[in-house]
Amino acid sequence: MSARLIDGTAVAERLRQEAARRVAAFTTLTGLAPGLATVLVGDNPASEVYVRRKRRAASEAGFIDFHHHLSASSSPGDVAAVLDDLAQDERVSGILLQLPLPAGFDRHGLVDHIPVAKDVDGLTTGSQGLLARGRPGLRPCTAAGVIDLLDETGINLEGAAAVIVGRSELVGHPAAELLLARNATVTIAHSRTRDLAEVTARADVLIAAAGIPRLITAAHIKPGAAVIDVGIHRTDTGLVGDVRFEEVAEVAGWVTPVPGGVGPMTIARLLANTIQAAEAAHARTVQPDAPSSGQ
Ligand code: NAP
């Protein structure tokens, strides 16, 4: 292996410690710890695991835990009512609606019950609009974590050719926006892209977020490129990503492992977003004209 490894576990741990320090300072300042509310609908086992991990990490960082688990038989109106209550609750700094929702639920309509100021997943129409306009706001956690990992390499993103494989609202699209904000030259590839390898082989920075196990081979990589693997897939032989790690590591300059790459960053960024939301809300009580979720 010639590529250098980007250690997401170590970067995430630093972010978590930083969030915990800010939570402690906030609690000392205001007399009340900030709160993270998680809302889970139905009984998707993977979602239950993810929510449990997020709640545990938040509690460890000093946040108050507000959790609502609604059964799969609850109505969209029930979910909306819970979100509306949390929106009004001053003890709650951030709200996360765990996705995917059971079939038949309007994800966009429900997510938009979360006020932009409490949208710690960065998925509301308002948050995505702020991102598209390059204005301060809460950014989608995984995409923000991808940028943190790139920063870890010391690569200058300005003018770099960045290719993102995947255009989802959750990962690919916001990652592209964040790279554009850093003045990278951004290309987004997707399932209709012709000759993917020809496109990705031009990338100084390659983000693999297609959700296809081991899609990206050595032939997709420009020698020396930084490769961030967002994919997570459980197989009989363990977790794998969208990248064929062993062969890509022979060509790339930097690469993230799976597990231990992007995965831990998502939760770390959630904590960072939640304390950011709490600090911004507090700033508005002191100075009512302060931005709703500024950095
Ligand atoms: P998604 O919503 O399924 O989106 C996948 C994207 O990849 C789509 O834009 C799709 O194109 C594109 N795509 C599919 N097949 C392709 C191909 N053969 N060539 C090029 N592009 C292709 O998935 P997601 O939510 O963005 O997640 C992507 C992966 O990241 C998944 O493995 C997921 O488990 C993982 N993930 C990890 C974390 C983490 O914390 N590490 C967080 C979130 C997601 P179209 O738009 O044309 O369909």
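Using 0.36 nm per residue, how much length does the chain from SER71 to LEU29 gain when fully extended, once their Cα-Cα distance is taken away? Working shown, then result.
Working: separation 42, 0.36 × 42 = 15.12 nm, distance 3.78 nm.
Extending this stretch completely gives an extra 11.3 nm.
Rounded, prolate or oblate: which fits segment 1-47 when a ≥ b ≥ c are the square roots of the eigenvalues of the alpha-carbon gyration tensor, with rounded for a/c under 1.5 and prolate only if a/b beats b/c? Could you put the intermediate results ahead of the total?
On the way: a/c = 6.76, a/b = 1.24, b/c = 5.46.
Verdict is oblate for segment 1-47.
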**Fill in**
The long-range amide H neighbours of THR187, using H built 1.01 Å from N in the peptide plane and a cut-off of under 5 Å, are ALA162, VAL163, ILE164
**Protein accessible area in the chain, 1.4 Å probe - carbon and sulfur %** = 52 percent
**Message:** So, for the chain, what is the accessible surface per residue at a probe of 1.4 Å, expressed in square angstrom?
**Reply:** 46 Å²
**Item:** Size-normalised alpha-carbon gyration radius of the chain, reference 2.2 N^0.38 Å
**Value:** 1.00
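Gain in length, GLN88 to GLU60, computed as 0.36 nm per residue apart minus the alpha-carbon separation, to one decimal in nm?
Numbers: separation 28, 0.36 × 28 = 10.08 nm, distance 2.49 nm.
Gain in length upon complete extension: 7.6 nm.
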**Request:** Go through segment 155-165 residue by residue and turn each phi into a ³J(HN,Hα) via Karplus (6.51, -1.76, 1.60, θ = phi - 60°); whole Hz please, and just put x for glycine and proline.
**Result:** 5, 7, 6, 4, x, 5, 7, 10, 10, 10, 9
**Asked** Taking one equal scatterer on every alpha-carbon of segment 189-262, how large is log10 of I(q)/I(0) by Debye at q = 0.16, 0.18 1/Å?
**Response** -0.48, -0.61
**Request:** Starting from the amide H of ARG4, placed 1.01 Å from N in the peptide plane, find each other amide H under 5 Å away whose residue is 5 or more places distant or on another chain.
**Result:** TRP254, VAL255
**Prompt:** In nm, to one decimal, how far is the HIS108 label point from the LEU5 one, both placed 7 Å along Cα→Cβ?
**Reply:** 4.2 nm
**Request:** Mind listing the long-range amide H neighbours of LEU96? Cut-off is under 5 Å, sequence gap 5 or more, other chains count too, H placed in the peptide plane at 1.01 Å from N.
**Result:** ALA37, THR38, VAL39
**Message:** Once you keep just the Cα pairs under 8 angstrom separated by 6 or more residues, what percentage relative contact order results for segment 82-165?
**Reply:** 20 percent
**Asked** Using θ = phi - 60° and the Karplus curve 6.51 cos²θ - 1.76 cosθ + 1.60, what whole-Hz ³J(HN,Hα) does each residue of segment 232-240 get, with Gly and Pro shown as x?
**Response** 9, 9, 8, 10, 4, 9, x, 7, 10
**Prompt:** For segment 141-214 and segment 1-77, what is the separation of their C-alpha centers, rounded to whole Å?
**Reply:** 25 Å
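Sorted by average packing, counted as other Cβ atoms within 10 angstrom per residue and highest first, what order do 232-244, 267-279, 156-168 take? Intermediate values should be presented prior to the final figure.
On the way: 232-244: 15.9, 267-279: 26.2, 156-168: 20.2.
Final packing ranking: 267-279, 156-168, 232-244.
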**Prompt:** Lys/Arg Cβ at +1, Asp/Glu Cβ at -1, dipole of the chain taken about the Cα centre: which of MET265, ALA72, THR185 is farthest positive-ward?
**Reply:** THR185
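What net charge do the residues around ASN156 carry, taking every other residue with its C-beta under 10 Å from that of ASN156, with Lys and Arg at +1 and Asp and Glu at -1? Don't jump to the answer; show the numbers that get you there.
Values: positive: ARG182; negative: GLU158, ASP204.
Local charge sum for ASN156: -1.
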**Request:** Take each of the peptides 100-107, 8-15, average the number of other beta-carbon atoms within 10 Å over its residues, and list them starting from the highest.
**Result:** 8-15, 100-107
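Given the DSSP H assignment, sum -39500 (n - 2.57) over each helix run of at least 4 residues in the chain and divide by its residue total; what's the result at 222 nm in deg cm²/dmol, nearest 500?
Details: 10 runs with 123 residues, N = 295.
Value at 222 nm, helices only, nearest 500: -13000 deg cm²/dmol.
The values are calculated or read from the model by the stated rules, or taken from the named source; none is laboratory data. Quick caveat: nothing in here was measured; it's all calculated off a predicted structure. Counting neighbours? That spans all protein chains shown, and the Cβs are built from the backbone with ideal geometry, glycine included. Calculation scope for accessible area: heavy atoms of the full protein, side chains included, ligands and nucleic acids excluded. Shrake-Rupley method; radii C 1.70, N 1.55, O 1.52, S 1.80 Å.
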